[in-house]
Each structure stands twice: as structure tokens, then as C-alpha cells.
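To keep things clear, I will list the structure first and then write my remarks on it.
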Amino acid sequence: MIRMAGLVRILVTINVVAVCALTQPSVSAAKSRALIRDTEIESTIRAFATPLFIAAGLTPTDVRIYIINDDEINAFVAGGQNLFLNTGLLIRTETPAQLNGVIAHETGHMAGGHLARTSGAVRTASNAALLGIVLGTATAVATGRGDAGVAVFRGTTSAGRLSLLEYSRAQESAADQAGLRFLDATGQTSRGLYEFLEVLSQEEQLTPNRRSPYVNTHPLTQDRISFVRNHLENSVARDASDAPDAIKRHARMVAKLTGFLCPPTMTFKKFPDTDTSIAARYARVIATYKEPDPDRALKELLKLIGEFPDDGYFQELRGQFLFESGRPREARVAYRKALRLLGSAPLVESKLARVELAINTEESNRSALRYLESVVRTNPDSAFVWRQLAIAQGRNGYRSMAALSLAEEALLRNKPGIADQQARRARAKLPRGSPGWLRAIDIESLAKRRKSESKRR
């Protein structure tokens with residue numbers, strides 16, 4: 001782990017923009033970003049954020065959390081209750097308190113209605129479309145590949161992003177005050193927020209084009225830092241410690257992100273063999289797989305599973321390793337065990353369904369259909385899942401429903417012409433007045449509206 005004091009020094013002296021990069025990122029890499037989807041990481045962030053949302057009077061399930069694969073330190077809210085966290089910020093936090101301090105501050109923006117004046121399209125957009133609108137993208141493409149990347153987008157200029165996302169100094173102060181109240185209400189120290197602001201204060205000394213986006217969009221003043229410091233000194237929760245379980249979950253999150261997103265050499269340097277913690281072993285297993293040495297990675301992972309047989313996330317990772325190594329039947333066993341251990345886990349269900357489709361037997365195709373129907377009920381905004389469902393429906397003889405699923409996929413991919421075509425095909429075969437028939441009509445109407453809006457632009 002990089003200590004916070006060391007982080008401040010690095011940011012000031014060499015202005016590290018990328019957490020993992022050994023060399024300066026290429027132009028193409030700098031212009032692309034990815035939305036990270038991972039059950040464990042999302043569960044960890046959700047567990048940290050939920051008490052703060054409740055303290056703010058928000059309904060936790062109404063807040064959408066997005067994890068953006070971007071090495072820069074940044075977090076922001078947009079369109080009401082949509083919280084965006086960069087992987088660069090997540091990896092750089094050393095403790096749950098530091099991450100919770102950032103989340104509490106951003107929750108203050110949500111509770112205060114800051115930036116709520118953005119367009120209604122932002123507030124109602126699907127996951128992929130929301131990124132496109134907020135960051136000025138041309139398209140958002142759902143890929144469904146592994147743990148990283150279900151929505152890839154091309155960003156606009158920094159100026160374009162700032163105009164949509166920057167806060168006023170008054171809003172920043174209000175968010176600080178609200179965030180501190182939320183931390184106190186949940187019995188958490190505000191030390192993490194203070195440490196984070198100290199890091200940002202060092203970045204303010206840099207020229208604007210070298211600062212992290214967080215500094216550019218969140219105006220920082222010494223008055224704000226002093227206010228937070230004074231609050232910390234007088235807070236009843238000043239000396240509160242992070243719960244042991246929170247420390248473990250945070251460490252695993254950082255290790256997993258590092259393992260998947262950083263070059264293996266960087267991961268091995270950060271988590272050397274002398275570090276025998278679960279998080280470090282986790283990171284090294286993933287880095288070994290990426291080298292690539294899948295056989296050795298699987299052996300090391302099986303050692304972890306032997307010690308922690310009830311860890312569903314280790315089983316999920318085993319399923320991924322096996323499936324990507326061309327061993328779908330063994331992957332199915334691992335994913336099924338992961339689901340039994342984790343309970344409700346739509347992302348794991350969708351991965352298991354993908355494995356079942358790869359096995360491609362009558363029984364496995366029926367199983368895939370059951371899993372995917374479950375997933376779309378709780379996660380209806382993944383184009384990739386709708387495509388997989390269409391395949392499963394087609395293989396099980398439900399051609400009209402497959403057309404309807406393809407219409408849903410096209411709508412999410414912002415392809416209104418294809419959406420309209422597939423919806424018409426579905427409506428022609430579905431029983432009049434049935435839920436599917438009614439949904440086909442809705443999609444036709446939405447597709448026509450989008451085509452009309454596109455022509456006006």
C-alpha cells in the first residue's frame with residue numbers, strides 16, 4: 001500500500017497521472033475509458049455507501065453507482081442520484097475512512113440537489129447511455145467481457161466535461177458540511193475526508209492541465225480544509241476506527257483492481273511475496289493469470305479456496321479462469337458454487353448463463369434462459385445481457401421473444417432503426433394484449449421518437 005504521505009509527495013513532484021502506467025499512456029488509451037462491473041467491488045462500495053445514503057435521507061436503491069476505469073483521481077455526481085467513482089481514486093485510498101469521506105462529500109452533493117439541473121435525459125438514461133450523455137460520448141457499447149468493460153466510451157474535451165460537472169465553491173462547502181453530518185450520524189471519523197482534501201491541496205499548486213479532474217471540478221480552498229479539520233478535532237467520532245471487516249473488504253477491492261488493471265510487474269512490486277495477506281495473494285493470483293500463466297494462477301487460487309471454501313468471490317474468479325481457458329463445464333461448477341455462496345448476484349448469474357450457452361446442450365440452454373430471465377428483471381439496462389437472452393430464447397424455440405430481446409438491445413445501443421424493426425417482428429407473432437406485445441409497442445414508440453430527435457439534431 002502507498003502511504004498517504006507518500007502519495008502527496010508523488011503527486012507534487014512527478015505528477016503521476018496513471019496509477020499503473022510504466023510509461024505515459026498512449027493517445028488512444030487516454031481517449032478511451034471503461035465502466036467496470038464486478039460483483040465484489042460493487043458490493044463493497046455499496047456496503048460503505050448505504051449508511052451514508054440513509055443518513056442523507058436518500059433511498060439507497062435509487063442511487064446508481066458507476067465505477068469508471070480511469071487512473072485519474074476523480075469522483076462526481078450527475079443528473080441527480082448518479083455517483084461516479086474513478087478506479088484511480090479507489091486504488092489510491094488507503095483506508096475505508098478515506099473512501100467513505102469522498103462518498104460522504106458526494107452524497108452531500110446529491111442530497112443538496114447540486115447539478116440536478118442537468119437534462120432529464122441524464123436522469124432517466126440507462127447505464128451505457130448515461131455515460132454517453134454525461135461525458136459527451138458518441139456511443140456506448142456494451143461488451144460484457146470479463147470483470148472490466150461493459151460500456152466503452154470516447155470522451156469529449158476537458159472543457160466540455162467541466163461545463164457539465166463542475167461545482168461552485170458554495171456547493172463544495174455545503175457538500176462538506178452535509179458529508180460531515182452524515183459521517184457523524186453513522187459514527188464514522190471524518191479523518192479520511194480531511195486526508196483526501198490535504199492530498200488535493202497539494203494538487204492545487206500544479207498548473208490546471210496537470211491537476212486531477214477532481215481539483216478542476218471541485219474548487220478547493222483553505223477555508224474548506226480548515227473547516228473539516230476543526231470539525232474533526234471536535235467530532236465525537238474523531239477517533240473512531242474502521243471496522244475490521246471494512247478494512248479487509250477495502251484491501252481486497254484495491255488488490256483486485258490493481259491485479260486486473262495494472263501490468264503484472266507493477267502488481268508484484270506493490271504486493272511482493274513477503275506480503276502474505278489475503279489481499280496480496282489475491283492480487284498476485286490475478287497478476288499471474290495476466291502474465292499469462294493461467295495454470296499456475298489456478299493452482300494458487302485453489303490454495304486460497306482450500307483455506308476459504310466459503311468465499312464466493314474466489315469461486316467466481318475460478319469460474320472466469322476456467323471459462324477463459326476453454327473449460328466451460330468446469331467453469332459451470334465453479335460459477336454454480338459461487339452463486340450458492342453469494343446468493344443474489346446478477347453479474348455472476350449472467351456469467352454462468354454465458355457458460356451454459358457455450359456448453360450448448362438442450363439442458364444448458366434451458367438453464368441459461370432461466371438465469372438470463374432472472375438477470376434482466378433486476379438489471380434491465382445491459383445490452384449484452386439482452387443479446388444473450390435473445391440467443392437463449394432462440395435456442396429454446398421462443399423466436400418472437402428473441403426478437404423482442406433484440407429490440408431491447410438495439411434500444412440500449414441507441415440503434416432505433418433496428419429496435420423498431422425487431423419490435424415490429426415480435427409484435428406480429430406475440431398474442432395481442434400480452435405483456436410482450438405491449439412492450440413491443442412501447443419500443444416502437446421510443447424508437448420512432450429517437451429517430452425523430454436524431455433527424456432534428
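In the range 358-387, what count of residues is obtained for those that are assigned to a loop (DSSP other than H, G, I, E, B) and closer than 19 Å to THR39 by Cβ?
Number of matching residues: 4.
Say whether the condition of being in contact with a Gly (Cβ under 7 Å, 6 or more places away or on another chain), basic (Lys, Arg), surrounded by 20 or more Cβ atoms within 10 Å (Cβ to Cβ) and touching a residue at least 24 places away in the same chain (Cβ under 8 Å) is met by at least one residue in the range 324-336.
The answer is no; no qualifying residue exists.
Spot the failing condition for GLY306; the list is (1) under 19 Å from ARG37 (Cα atoms); (2) assigned to a helix (DSSP H, G or I), and only one is missed.
Only one criterion in (1) under 19 Å from ARG37 (Cα atoms); (2) assigned to a helix (DSSP H, G or I) is unmet by GLY306, namely (1).
Looking at the range 189-200, I want the residues that are among the acidic types (Asp, Glu) and have a partner that is surrounded by 21 or more Cβ atoms within 10 Å (Cβ to Cβ) with Cβ atoms under 7 Å, at least 6 apart or on another chain. Which pairs are those?
These pairs meet every condition: GLU195/GLN98.
May I ask you to say which residue of ARG329, ARG336 is of a type in the set (Lys, Arg), closer than 15 Å to TYR371 by Cβ and not assigned by TED's automatic domain parsing to the domain that holds SER277?
Of ARG329, ARG336, the one residue that is of a type in the set (Lys, Arg), closer than 15 Å to TYR371 by Cβ and not assigned by TED's automatic domain parsing to the domain that holds SER277 is ARG336.
Could you tell me whether ALA345 is closer than 18 Å to SER43 by Cα and touching a Ser or Thr at 6+ places or on another chain (Cβ under 8 Å)?
Judged against the criteria, ALA345 is a match.
For the range 238-252, which positions are among the charged types (D, E, K, R) and in a helix (DSSP H, G or I)?
ASP245, LYS248, ARG249, ARG252
Limited to the range 253-279, what total is found for residues that are part of a helix (DSSP H, G or I) and either buried (at least 21 other Cβ atoms within 10 Å of the Cβ) or touching a residue at least 40 places away in the same chain (Cβ under 8 Å) (or both)?
The qualifying residues number 14.
For the condition aliphatic (A, V, I, L, M) and part of a helix (DSSP H, G or I), what is the one hit in ILE41, ILE68?
Residue meeting the stated conditions: ILE41.
The values are calculated or read from the model by the stated rules, or taken from the named source; none is laboratory data. As the structure is a prediction and not an experimental result, all values here were calculated from the model. Every residue, glycine among them, receives a Cβ derived from its backbone with ideal geometry; neighbour counts consider all protein chains shown.
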